[in-house]
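Notes follow once the structure below has been shown.
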Amino acid sequence: MDLGAQRHRIEHEINDAIAKVLEHGKFIMGPEIAMLEDELCSFVGSRNCISCSSGTDAILMALLCYDVKPGDAIITTPFTFFATAEVISLLGATPVFVDIDESTFNINTDEIEATAAKVRREGKLNLRGLITVDLFGLPCDYDLILPIAEELDLFVIQDSAQAFGASYKGGRTPTQGHIGTTSFFPAKPLGCYGDGGAVFTDDDAIAEKLRSIRVHGKGADKYDNVRIGLNARLDTLQAAILLEKLKIYGEEIEARQRIATAYCAGLADSGVQIPIVPDGSSSVWAQFTIQTNFREKLQAALKAQGVPTAVYYTTPLHLLEAFADLGYRKGDFPVAEAMAQTVCSLPLHPYLEDGQIDAICKTVHEVNC
Ligand SMILES: *Cc1c(COP(=O)(O)O)cnc(C)c1O
């Protein structure tokens, strides 16, 4: 990710937007917050948007909204950023992992029912919901997931921290789950200049509860507290910055797609596995993640040319020390564990140039032959 080119493109607009906030001085819940929430709703086609302090707090707010507590179990993927499962444990509930699909890196929908049945058969935990993750910018298969969730009486929180504005069967993420969340961390596809996030839902009652949770469980006002909540507001300054960035985000998604297509063409028959996008979906390419058995060699060769690469994720969540108490072992989720050994993300941002893509593809070919 290189934020410099984007900053250069809209530098004046962003500086003006910041200056306006400094002028009016409404740093907390200023007018830009509601403006941004309206624009974000229109962009993805959601009835409600509740902006918040981060992608992590967005998921936490969603779990609080469903009153998740100790003794509850939530199914999710072991191949994601730590935060997805961290917030489940933070509330004293238990993350239950389901392995991923090897072609999309997303949760394997075929294994959800068996895992749910096992949790319910054991009878120790109350299985309540599912957190899906639209990893690397690609939506999960919600036409399969939603009926399974309904059958099992589970809520679906869609963690779209990496996939804001991707498409799934004519709709935009994160509007597929009962509650959708996203992150505006600077390196995400739509990022601000600090921490930020948002929660989306078409259910007005849920939206009202989320607005309360965002500000200390407020009722009629913030000194009339009706539940335990958080201080999880987005800063007005970040909203002002996001309003400017959102204006060019549609174009940036197209540019990301163009670059991903160029990578796919350039890497065909290079021996690496390129990302697969199922029919009916499109990715916003938070990461362009290939799989290779020569990862270290490839990373070294690219680094020698000044090209950064990254590995998301070196350790699946079930093998992290923080989750040792859950009792999982190596071998429990073979697909996630295998991916952790072979995945490598190449540079991708809307301002990457053709020459840079060609040079990267050339190096991949050289390393692999
Ligand atoms: C980045 C990320 C988060 C957390 O977002 P923050 O804004 O950094 O708190 C959660 N889930 C996934 C999948 C992410 O990639």
Once normalised by the length of the stretch 134-257, the mean sequence separation of its alpha carbon contacts under 8 Å that are 6 or more apart gives a contact order in percent of 16
Normalised Cα Rg of the stretch 1-140, dividing by 2.2 N^0.38 Å with N its residue count, works out at 1.36
Which of K69/K218; K188/K209; K188/K297; K20/K247 exceed 29 Å between C-alpha atoms? The answer is none
For the pair D221 and D204, the simple spin-label estimate (label points 7 Å beyond Cα toward Cβ) gives in nm 2.5
Rounded to one decimal in nm, the spacing of the 7 Å Cα→Cβ label points at D38 and S103 is 4.3
Packing-ranked peptide list from 214-220, 157-163, highest mean Cβ count within 10 angstrom first, is 157-163, 214-220
For the stretch 1-69, whose charge dipole is built from +1 on Lys and Arg Cβ atoms and -1 on Asp and Glu Cβ atoms, the candidate among G4, L64, P31 with its Cα farthest towards the positive end is L64
In debye to the nearest 20, the charge dipole size for the stretch 202-337, taken about the Cα centre with +1 at each Lys and Arg Cβ and -1 at each Asp and Glu Cβ, equals 380
Rounded to whole angstrom, the alpha-carbon centroid of the stretch 2-53 lies from that of the stretch 314-337 at a distance of 38
GluC sites (Glu not before Pro) in the stretch 290-369 lying in a DSSP loop, each with at most 11 other Cβ atoms within 10 Å of its Cβ, come to E353
Placing one equal point scatterer on each C-alpha of the stretch 327-369 and summing with Debye, one gets log10 I(q)/I(0) at q = 0.24 Å⁻¹ equal to -0.87
If the chain between N15 and V307 were fully extended at 0.36 nm per residue, the gain over the current Cα-Cα distance would be 102.1 nm
Per 10 angstrom bin, beginning at 0 and ending with the bin that holds the maximum distance, the Cα pairs of the chain fall in percents of 5, 24, 32, 25, 12, 2, 0
CD proxy, 222 nm, the chain: helix-only mean residue ellipticity via -39,500 (n - 2.57) per DSSP H run with n ≥ 4, per residue, nearest 500, stands at -13000 deg cm²/dmol
To the nearest 20 debye, the stretch 130-173 has a Cα-centred charge dipole, built from +1 on Lys and Arg Cβ and -1 on Asp and Glu Cβ, of 260
Carbon plus sulfur, as percent of the 1.4 Å-probe accessible area of the stretch 229-343, comes to 50
If every Lys and Arg gets +1 and every Asp and Glu gets -1 at its Cβ, then about the Cα centre the stretch 60-171 yields a dipole, in debye to the nearest 20, of 400
Dividing the mean separation of Cα pairs under 8 Å (6+ apart) by the residue count of the stretch 85-159 yields a relative contact order in percent of 27
Charge dipole of the stretch 162-256 built from unit charges on the beta carbon (Lys, Arg +1; Asp, Glu -1), centred at mean Cα; most positive-end Cα among F184, N231, A255 is N231
Length-normalised contact order of the stretch 159-228, Cα under 8 Å, at least 6 apart, in percent, tallies to 20
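The values are calculated or read from the model by the stated rules, or taken from the named source; none is laboratory data. For clarity, every value in this text was computed on a predicted model and none was experimentally measured. Backbone-built Cβ (ideal geometry, glycine too); neighbour counts: all protein chains shown. The area values use the complete protein model at the heavy-atom level, side chains included, leaving out ligands, DNA and RNA. Shrake-Rupley method; radii C 1.70, N 1.55, O 1.52, S 1.80 Å.
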